[in-house]
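Structure first, commentary second.
Just so you know, all these numbers are worked out from the coordinates, no wet-lab data involved. Keep in mind it's a predicted model, so treat the numbers as computed, not measured. All Cβ positions, even for glycine, are placed from backbone atoms using ideal geometry, and neighbour counts span all protein chains on display.
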Amino acid sequence: MAEVALALGSNLGDRRANLLRAVELLGMRGVRVTGRSSIWETAPVPNDQPGFLNAVVLAETELDPVTLLATAKAIERELGRTPGRRWGPRPIDIDILFHGTDTIDTPELTIPHSQIANRDFVLVPLAEVMPGPLPVFAKSAEELLARLPLSSATYHSRFEP
């Protein structure tokens with residue numbers, strides 16, 4: 001059983017409902033959520049699209065990293081995500097931040113996620129659910145966040161149905 005951390009984001013449709021439905025679908029596919037951050041609102045990058053709601057969930061799963069990625073992509077499609085421009089608007093985005101202490105670097109999948117240390121919209125919710133040193137980084141999310149410009153993240157709501 002692997003402990004995983006997943007980043008969720010949505011900036012199209014009912015953003016909060018999209019996050020909740022993604023967690024529900026993860027649970028139906030062998031990813032048991034054990035912890036949830038709050039939901040945070042963040043400015044989009046690039047900024048020519050609606051703002052995002054973001055959260056991080058911790059979970060346990062028997063799925064290997066490649067199967068977990070395929071599961072996340074299938075859920076994204078089920079919730080209406082279609083191929084489009086990179087970093088464009090989307091009803092849901094599910095990124096694997098950590099899969100236990102695994103490190104993977106392939107064209108399809110990088111774990112830990114390659115941009116964790118550069119994204120306030122990941123670090124702010126991650127700090128809530130993983131307050132200690134992060135796998136591989138040997139620094140906490142708060143320490144990594146302190147190195148970035150002032151965060152645009154604002155508290156939105158608790159992440160529960």
Debye log10 I(q)/I(0) at q = 0.21 Å⁻¹ for the stretch 42-132, Cα point scatterers: -1.31
The chain: most fluctuating residue of 133, 65, 125 per GNM, C-alpha cutoff 10 Å: 133
Can you match Kirkwood radius over Cα pairs in Å to one of these, [x] 16.1; [y] 15.7; [z] 21.1, based on a calculation from the structure here? [y]
If each of residue 66 and residue 14 carries a label point 7 Å out from its Cα toward its Cβ, how far apart are those two points in nm? 3.7
Using Cα pairs under 8 angstrom and six or more residues apart, how large is the relative contact order of the chain, in percent? 31
By how many nm would the segment from residue 136 to residue 110 grow when fully extended, if each residue of separation counts as 0.36 nm and the alpha-carbon distance is taken off? 8.1 nm
The exposure ranking of 113, 99, fewest beta-carbon neighbours within 10 Å first, is 113, 99
Ascending count of other beta-carbon atoms within 10 Å, so fewest first, for 105, 93: 105, 93
Mind listing the long-range amide H neighbours of residue 157? Cut-off is under 5 Å, sequence gap 5 or more, other chains count too, H placed in the peptide plane at 1.01 Å from N. 39
